[in-house]
Amino acid sequence: MDETSEILLEAQAGSEIAFAAFVHRTQAEIWRLCGHLVGKAHADDATQETYLAAWRALASFRGDSSARTWLFVIARRTALRFARRQLSLTQLDRKASAPADPPDPERCAELGGLVDHLDEDRRLALILTQVFGLSYAETAEVCGCAVGTIRSRVARTREQLLASWSDSRRATGDMRQAGGAVGREETAGAEAE
């Protein structure tokens, strides 16, 4: 059992100090997930509601999965409930947090815009596996679906993002970072002429 899960079991046994340590250990990730789901402007409130829900559900933690996965499930459900209360899902500001010092802010913003336009299920699968590093099994548990569904969503999302990125690069005439065979073939074809 991982250390975070052990801390949560101590909290479950009645230690408020252990719960505070659990919050401290997981808060940054939960805030980032909430930021992805409800927008940075509402991430603080959604994160706070997540920990209130976790406190209320503390007795339900059985240790079948890691405490981190258990909390991601609570955060996902809480953030979606929060979003429904604040705005309709089609009006959500889905801006993802940018790295503190992005190498090229313009390209990062462009990629963030592409991610923002993914459907909710694919975006969540991609963010949980690629940003937070959850396994496909953990992501499937958070999303409430089969592991194969997560594998499919991530693979299709990668393909969709690469195609969109290539189209975007082609439209602006910048194929240096578009990636994929399409960009290389077009460049090679132009050189042959």
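The values are calculated or read from the model by the stated rules, or taken from the named source; none is laboratory data. On a predicted model such as this, the values are computed, not experimentally measured, just so you know. Cβ: placed from backbone, ideal geometry, glycine included. Neighbour counts: every protein chain shown.
Things to note:
- Residues of region 7-42 that turn out to be in contact (Cβ under 8 Å) with a residue 12 or more places away in the chain and farther than 16 Å from V73 by Cα, as a count: 11
- Identity of the residue in region 54-70, of a type in the set (A, V, I, L, M, F, W, C) and without any contact (Cβ under 8 Å) to a residue 60 or more places away in the chain, that ends up surrounded by the most Cβ atoms within 10 Å (Cβ to Cβ): A54
- Taking region 132-143 as the range and being in contact (Cβ under 8 Å) with a residue 24 or more places away in the chain and under 20 Å from G63 (Cβ atoms) as the test, the residues that pass are L134, E138, E141, V142.
- Against the test of being modelled with pLDDT under 95, in a helix (DSSP H, G or I) and not assigned by TED's automatic domain parsing to the domain that holds S164, the options H24, H36 yield a single qualifying residue, H36.
- Residue within region 85-98 that is assigned to a helix (DSSP H, G or I) and modelled with pLDDT of 50 or more present: yes
- Scanning region 43-53 for residues that are of a type outside the set (D, E) and either in contact (Cβ under 8 Å) with a residue 24 or more places away in the chain or assigned to a loop (DSSP other than H, G, I, E, B) (or both) yields a count of 5.
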